[in-house]
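Have a look at the structure below, then the notes.
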Amino acid sequence: MSFNHYPWQRLYSQFNLPLHLCITAAEKRGISDEHAQNIHPIFTVSGLGELVELSSKADRMVQF
C-alpha cells in the first residue's frame with residue numbers, strides 16, 4: 001500500500017509497525033468494527049485482552 005499522508009501511516013510503512021485500534025476507544029468516538037469501511041485497513045481492531053497479552057511480551061509500548 002502506498003499511502004503516507006499521516007505520520008502513523010509512515011510509521012506503518014517505514015518500520016512495519018503493527019497498529020492496533022482499541023475498540024472501546026473507537027466506539028466512544030462513533031467508530032465501529034461492524035462498519036469496517038470506517039477503519040483504515042492498516043489497523044488491527046483490538047481489545048483490552050490483546051493489549052495485556054502484547055504488552056507482557058514487549059520491551060516498550062508507544063501510546064497516543
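Only residues that are at pLDDT 85 or above and either of a type outside the set (D, E, K, R) or surrounded by 13 or more Cβ atoms within 10 Å (Cβ to Cβ) (or both) were counted across segment 45-64, and they come to 12.
Going residue by residue through segment 37-44, is there one that turns out to be under 15 Å from the mean Cα position of the chain (by Cα), modelled with pLDDT under 85, surrounded by 13 or more Cβ atoms within 10 Å (Cβ to Cβ) and of a type outside the set (Asp, Glu)? First the steps, then the outcome.
Let us first name the residues in segment 37-44 that are under 15 Å from the mean Cα position of the chain (by Cα), namely 37-44.
Then drop every residue that is not modelled with pLDDT under 85, which leaves 37-40.
Now narrow it down to the ones that are surrounded by 13 or more Cβ atoms within 10 Å (Cβ to Cβ): 39-40.
Okay, now just the ones that are also of a type outside the set (Asp, Glu), so 39-40.
Yes, that holds for at least one residue.
Among the numbered conditions (1) touching a strand residue (DSSP E or B) at 6+ places or on another chain (Cβ under 6 Å); (2) assigned to a loop (DSSP other than H, G, I, E, B); (3) not charged (D, E, K, R), the only one that Gln63 does not meet is (1). In this structure, Thr24 does not qualify as in a strand (DSSP E or B) and β-branched (Val, Ile, Thr).
Filter segment 20-30 down to residues that are without any contact (Cβ under 8 Å) to a residue 24 or more places away in the chain and closer than 18 Å to Trp8 by Cα and give me whichever is surrounded by the most Cβ atoms within 10 Å (Cβ to Cβ). Let's see the steps before the verdict.
Residues of segment 20-30 that are without any contact (Cβ under 8 Å) to a residue 24 or more places away in the chain, as a first pass: 25-30.
From what is left, the residues that are closer than 18 Å to Trp8 by Cα are 25-26.
Details: Ala25: 9, Ala26: 17.
It comes out as Ala26.
Looking only at segment 30-60, residues that are at positive phi and either part of a strand (DSSP E or B) or among the aliphatic types (A, V, I, L, M) (or both) come to 0 in all.
The values are calculated or read from the model by the stated rules, or taken from the named source; none is laboratory data. Nothing here was measured: the structure is a model prediction, and the numbers come from that model. Here the Cβ is made from the backbone with ideal geometry for all residues, glycine too, and neighbour counts use every protein chain on show.
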